[in-house]
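Colleague: Have a look at this one before I ask anything.
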Amino acid sequence: MSEDNIQSTLHETRHFPPSAEFLKTSLLSADKVTDLYASAERDNEDFWADQARIEIDWHTPFTTTLDSSNAPFYHWFPDGKLNVSYNCLDRQLEKNADKVAIIFEGDAGDVQQITYRELHTRVCVFANALKAQNISKGDRVIIYMPMIAEAVIAMQACVRIGAIHSVVFGGFSASSLKDRIEDTQAKIVITADGGNRGGRVIELKATTDSALEQGCDSIESVIVFKRTGHDIAMQSGRDIWWSDAISDQSSVCEPEWMNATDPLFLLYTSGSTGKPKGIQHSTGGYLLNAITTMRWVFDIQDSDVFWCTADVGWITGHTYVAYGPLATGATIVIFEGVPTYPDAGRFWAMCERHGVTIFYTAPTAIRALIKQGDDFPNNHDLSKLRLLGTVGEPINPEAWMWYHKVIGKEHCPIVDTWWQTETGAHMIAPIPSVTTTTPGSCTRALPGIDAAVVNEQGEEITHANEGGYLVMRQPWPSMIQTIWGDDQRYQDTYWSMFDGKYYLAGDSARRDEEGFFWIMGRIDDVLNVSGHRLGTMEIESALAANPLVAEAAVVGKPHDIKGESIFAYVVLKGDRPENGIDDELTQILRAWVGEQIGAIAKPDEIRYADNLPKTRSGKIMRRLLRTIAKGEEITSDTSTLENESILPQLQGKA
Ligand code: WT7
C-alpha cells in the first residue's frame with residue numbers, strides 16, 4: 001500500500017442521529033435492526049435463507065442455501081429457480097398494477113409515466129421481439145442506450161427470457177463498445193438512433209456502426225429505438241427499428257425459470273490491467289441483496305418516489321434503477337439529461353415536479369452543484385424529500401454538510417453507501433432509522449455482511465484509525481460470480497492476496513473508535529473520476545496506442561469536483577515539444593483517448609518528457625509522479641531513480 005493511502009488526518013466529530021421527522025414514518029425499528037444483526041450473527045447462512053424466502057417469489061424453492069464446495073466460486077441457493085423479471089413485474093400486478101412504476105423525464109423536459117401494468121406489457125412484448133430475433137436463454141445481448149425507459153424495458157426483457165445483458169454506458173466509444181461485444185460474443189446490440197444530453201445529440205447508432213465495422217462477427221442484428229429522430233444509416237438485413245421489431249408481438253411471455261446461479265448480467269469495469277473485466281452476477285443472490293438493501297438502507301415504502309440519478313451503464317443503475325426498486329414495487333424517476341441543463345436547478349426542479357422522496361446521487365454531482373450556489377435548490381420546494389444517499393467515492397464533509405442543510409433541510413438522513421460493481425449491492429451503509437451518521441463515513445456493515453480491515457498478514461486491525469485492507473470474510477448473496485471467461489483472473493484479483501480466505505475489495509480503509517468504516521482510497525492503480533472507476537493502465541495503453549506516443553504514465557490528481565482528475569506524462573517517439581508544452585498535440589491525444597475509451601477517460605493534463613521516472617529495475621515511480629502532479633515538493637529519496645535529471649521536465653520546470 002502506498003503512503004498516500006495511509007494518511008488519515010481527518011477527524012470528524014459531528015454526529016447526526018436520525019431526525020424525529022424521519023422516524024415518524026420509517027419502517028425499521030431499532031429492535032428489528034438489532035434482531036437482524038443478531039440472527040445474522042447466529043448463523044449467516046440461515047439468516048440469508050430466511051431473507052431469500054421472505055423477499056423472493058421462487059418458482060422452485062431452494063433446499064441448499066450455499067454451496068462452498070468450489071470456493072471462491074460460491075453458489076447461493078443453487079437448486080432454487082426463479083425469474084427476476086417475474087419478481088419485478090408480475091408479482092406487482094395483483095396490488096400495484098395501476099401504480100406508476102416509471103416517471104421518465106427527457107432532456108428537453110418531456111415526461112412519460114408508465115404503470116406497472118404497462119411496463120409488464122411492454123417488457124413482455126419486447127421479450128417476444130428478442131425471441132423473434134433468435135435470442136434465447138444464455139445468449140448475450142449488448143444494450144447501448146440513452147437513459148430512457150426503454151433501456152430498463154430492454155434489460156427486463158432480457159432477464160425475462162434468460163438472455164444475459166451487458167449494458168455499455170452511452171458515453172463509451174466505438175472501440176470500448178467493440179471490446180465488450182467481442183468479449184461477450186453477443187448476438188445482438190440494442191441501441192437508439194441517439195440520446196439527448198444537455199441539448200446535444202449523442203450519436204449512439206453511428207458509434208454502434210463504427211464498432212461493428214471494426215469486427216464483432218458474433219453480431220447478427222441491431223435493434224434501434226427511435227429517440228432523437230435525426231438521420232442515421234440502417235443496414236438492411238442487420239438493423240431493425242424497435243417499432244418494427246415489436247409490431248406483431250404478443251404481450252404474453254412466460255418467464256424463463258432460471259437457476260439462481262445462472263448469470264443475470266455482465267457489467268464491465270476497470271481493473272489494474274489494461275483490459276476491463278466482465279463482472280458476472282447471479283440471478284437469485286443478486287436479486288436478494290438488491291431487495292434487502294432497498295428496505296434496510298433506503299427504507300423503501302409504497303408512497304415513495306425514488307430517484308437514483310445513475311445511468312444504467314453503471315452498477316448503480318442496475319441495482320437501484322432497473323432491479324431493486326421495481327422488485328420492491330417502488331415508483332422510480334428516470335432522467336435522460338444532465339444536472340446542469342437547462343440550468344443547475346434541474347435536479348431540484350425535478351424533485352419538486354415529481355415529488356421525489358428519496359434521492360440518491362454521487363458526491364461529484366453534489367460538489368458540482370454546490371458551486372452553482374444555493375439559489376438553485378432554494379428556489380424549489382424540496383419538502384417531500386425524506387432520505388438522501390451518496391455513492392461512488394468518499395464524500396467530503398463540506399459536501400455532506402451542504403447536502404444535509406441545503407437539500408435535506410436538516411431532517412433527511414444521509415446514507416453514504418459503500419459498495420462496488422463486484423458486490424452487487426450496498427455492503428457498508430447506515431440504516432437510516434437507527435444509525436447516527438458522521439460526515440464522510442459509510443458507517444457499519446449491513447446485517448449478514450462481514451466486512452473487516454486487515455493488515456498484510458490478514459490479521460484484523462483493532463487499533464482505531466489505523467489503515468489497512470478492506471476485506472469481506474464471509475461470502476454474501478449478491479457477490480460477483482466470476483470474471484466472464486476468466487476464472488483465473490477472478491481468483492487472482494479478489495482472492496489470492498489472503499489465500500482464498502477473504503474477498504479483497506481493493507480499497508484501503510480504517511475504522512474509528514466506534515468501529516465505523518472510513519474508506520481511504522484504492523490500493524491498486526485505479527482512479528476514481530467522478531465516482532467512476534478508471535484503470536490507469538487502460539488509459540496508458542490507449543495513449544501508447546497512438547503512433548506518436550512511445551510511452552505514457554497516468555496518475556490521479558485531487559480535483560475539487562471530480563474527486564480525481566487524470567494527469568498523463570507522455571514520452572513521444574519524436575522530439576519533446578519545446579518546454580514540454582504543445583497544446584495542439586494535447587488536444588489531439590485527448591481526443592484520441594476519447595475515441596479509444598470514452599470522454600470520461602480523457603486526460604485533463606498532459607506533460608511531455610524525454611523519459612519517465614524509473615527505478616533501476618525499470619518500474620515507473622508512480623508515487624513520485626503523483627507528488628509532482630499535485631505540484632508538491634519532492635521530499636522522498638530520488639537517488640534510486642535511473643534518470644534523476646528527468647525531474648525538472650516532469651515538474652514542468654524545463
Ligand atoms: C469503488 C467501486 C458502487 C457503485 C459506484 C462505483 C469507491 C464506492 C463509495 C463510498 C467511498 C466508495 C470504492 C469502491 N466507492 N462507494 N460510499 N465511499 N468509496 O462502483 O465503479 O465498482 O467502484 O468506488 O473505491 O471500491 P465501482
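Colleague: Quick one: which helices (runs of 4 or more DSSP H) lie wholly within the range 572-654 and hold at least 2 residues that are within 22 Å of residue 525 (Cβ to Cβ) and touching a Gly at 6+ places or on another chain (Cβ under 9 Å)?
Modeller: 622-629
Colleague: Name the single residue that is modelled with the lowest pLDDT among those in the range 395-425 being near the ligand (Cβ under 8 Å from one of its atoms) and surrounded by 21 or more Cβ atoms within 10 Å (Cβ to Cβ). Steps first, answer last, please.
Modeller: Our first condition is that a residue be near the ligand (Cβ under 8 Å from one of its atoms); within the range 395-425, this holds for 395, 416-423.
Then drop every residue that is not surrounded by 21 or more Cβ atoms within 10 Å (Cβ to Cβ), which leaves 395, 416-419, 422-423.
Working: 395: 93, 416: 98, 417: 98, 418: 98, 419: 98, 422: 98, 423: 98.
This residue is 395.
Colleague: Same structure again: Can you tell me which residue is most open to solvent (accessible area, probe 1.4 Å) among those in the range 342-394 that are more than 16 Å from residue 311 (Cα to Cα) and among the small types (Gly, Ala, Ser)?
Modeller: By that ranking, first place goes to 383.
Colleague: Suppose we filter the range 135-159 for residues that are within 17 Å of the chain's Cα centre (by Cα) and among the polar types (S, T, N, Q); how many remain?
Modeller: Residues meeting the conditions: 0.
Colleague: If you don't mind, another one. From the residues in the range 266-314 that are part of a helix (DSSP H, G or I) and open to solvent by 10 Å² or more (accessible area, probe 1.4 Å), which one is nearest to residue 88 (Cα to Cα)?
Modeller: Taking the range 266-314 first, the residues part of a helix (DSSP H, G or I) are 284-296.
Imposing the further condition that a residue be open to solvent by 10 Å² or more (accessible area, probe 1.4 Å) reduces the set to 295-296.
Numbers: 295: 15, 296: 18 Å.
The qualifying residue nearest to residue 88 (Cα to Cα) is 295.
Colleague: I would also like to ask the following. Is it true that some residue in the range 540-562 is among the polar types (S, T, N, Q), over 18 Å from residue 620 (Cβ atoms), at pLDDT below 95 and surrounded by fewer than 20 Cβ atoms within 10 Å (Cβ to Cβ)? Spell out the reasoning first.
Modeller: Just the residues of the range 540-562 that are among the polar types (S, T, N, Q), to begin with: 541, 546.
In the following step, the residues that additionally are over 18 Å from residue 620 (Cβ atoms) were identified as 546.
Checking which are at pLDDT below 95 leaves us with none.
For the range 540-562, residues among the polar types (S, T, N, Q), over 18 Å from residue 620 (Cβ atoms), at pLDDT below 95 and surrounded by fewer than 20 Cβ atoms within 10 Å (Cβ to Cβ): absent.
Colleague: Every residue in the range 591-635 that is among the polar types (S, T, N, Q) and open to solvent by 40 Å² or more (accessible area, probe 1.4 Å), please.
Modeller: 596, 611, 617, 635
Colleague: For residue 569, only one of the following conditions fails: (1) more than 16 Å from the ligand (Cβ to nearest atom); (2) part of a strand (DSSP E or B); (3) modelled with pLDDT under 95. What is its number?
Modeller: Single failed check for residue 569: (3).
Colleague: Right, another one. Contact list please: Cβ distance under 8 Å, first residue in the range 196-207 and under 14 Å from residue 224 (Cβ atoms), second residue open to solvent by 50 Å² or more (accessible area, probe 1.4 Å), pairs at least six apart or on different chains.
Modeller: Listed by first residue and then by second, the contacts come to 205/233; 206/233.
Colleague: If only one of 247, 236 is within 19 Å of residue 125 (Cα to Cα), open to solvent by 50 Å² or more (accessible area, probe 1.4 Å) and more than 26 Å from the chain's Cα centre (by Cα), which one is it? Break it down stepwise before answering.
Modeller: Values: 236 fails: within 19 Å of residue 125 (Cα to Cα).
None of the other options fit; the residue is 247.
Colleague: Then there's this: Taking strands (runs of 3 or more DSSP E) that fall entirely within the range 471-566, which contain at least 2 residues that are within 28 Å of residue 164 (Cβ to Cβ)?
Modeller: Working: elements: 503-511, 517-522, 526-529, 532-535, 549-559.
Because the criterion is at least 2 residues that are within 28 Å of residue 164 (Cβ to Cβ), the strands (runs of 3 or more DSSP E) in the range 471-566 that meet it are 503-511, 526-529, 532-535.
Colleague: For the range 92-122, which positions are part of a helix (DSSP H, G or I) and under 27 Å from the mean Cα position of the chain (by Cα)? Spell out the reasoning first.
Modeller: In the first step, residues of the range 92-122 are kept if they are part of a helix (DSSP H, G or I); the result is 92-96, 116-122.
Within the range 92-122, 92, 116, 119, 120, 122 qualify.
Colleague: Another question, then. Looking at the range 280-290, can you tell me whether even one residue there is under 24 Å from residue 96 (Cβ atoms) and among the small types (Gly, Ala, Ser)? Full working, then the answer.
Modeller: Of the range 280-290, the ones under 24 Å from residue 96 (Cβ atoms) are 283-284, 286-290.
Adding the requirement that they be among the small types (Gly, Ala, Ser) leaves 284, 290.
Yes; the residues of the range 280-290 include at least one that is under 24 Å from residue 96 (Cβ atoms) and among the small types (Gly, Ala, Ser).
Colleague: Which members of the range 111-137 meet the condition of being open to solvent by less than 20 Å² (accessible area, probe 1.4 Å) and within 15 Å of residue 151 (Cα to Cα)?
Modeller: 114, 119, 123, 124, 126, 127, 129, 130
Colleague: Under 6 Å between Cβ atoms, at least 6 apart or on separate chains: pull out the pairs that start in the range 264-284 with a residue that is under 14 Å from residue 601 (Cβ atoms) and end on any residue that is away from the ligand (no atom under 14 Å from the Cβ) and modelled with pLDDT of 95 or more.
Modeller: Pairs that qualify, where the first residue is under 14 Å from residue 601 (Cβ atoms) and the partner is away from the ligand (no atom under 14 Å from the Cβ) and modelled with pLDDT of 95 or more, are 268/180.
Colleague: Further, regarding this structure: Look at the range 45-63 and say how many of its residues are touching a residue at least 12 places away in the same chain (Cβ under 8 Å) and open to solvent by 30 Å² or more (accessible area, probe 1.4 Å). Talk me through it step by step, then tell me what you get.
Modeller: Taking the range 45-63 and keeping what is touching a residue at least 12 places away in the same chain (Cβ under 8 Å), we get 45-49, 51-52, 55-63.
Then drop every residue that is not open to solvent by 30 Å² or more (accessible area, probe 1.4 Å), which leaves 45-46, 57-61, 63.
Residues that pass the stated criteria total 8.
Colleague: Can you tell me which residues in the range 515-539 are within 12 Å of the ligand (Cβ to nearest atom), open to solvent by 10 Å² or more (accessible area, probe 1.4 Å) and not hydrophobic (A, V, I, L, M, F, W, C)?
Modeller: Result: 521, 522, 524, 528, 530, 531, 532, 533.
Colleague: Output the residues belonging to the range 436-464 that are within 16 Å of the ligand (Cβ to nearest atom), of a type outside the set (Gly, Ala, Ser) and in a loop (DSSP other than H, G, I, E, B).
Modeller: Across the range 436-464, the qualifying residues are 438, 439, 442, 444, 446, 449.
Colleague: Given the structure, is residue 183 touching a Lys or Arg at 6+ places or on another chain (Cβ under 6 Å), surrounded by fewer than 24 Cβ atoms within 10 Å (Cβ to Cβ) and not hydroxyl-bearing (Ser, Thr, Tyr)? Give the derivation first.
Modeller: Numbers: touching a Lys or Arg at 6+ places or on another chain (Cβ under 6 Å): no; surrounded by fewer than 24 Cβ atoms within 10 Å (Cβ to Cβ): yes; not hydroxyl-bearing (Ser, Thr, Tyr): yes.
No.
The values are calculated or read from the model by the stated rules, or taken from the named source; none is laboratory data. Just so it is clear, the structure is predicted and the values come from calculations on it, not from any experiment. Using ideal geometry, Cβ is built from the backbone for each residue, glycine included, and neighbour counts are taken over all protein chains shown. For accessibility, only protein heavy atoms count, side chains too; no ligands or nucleic acids. Shrake-Rupley method; radii C 1.70, N 1.55, O 1.52, S 1.80 Å.
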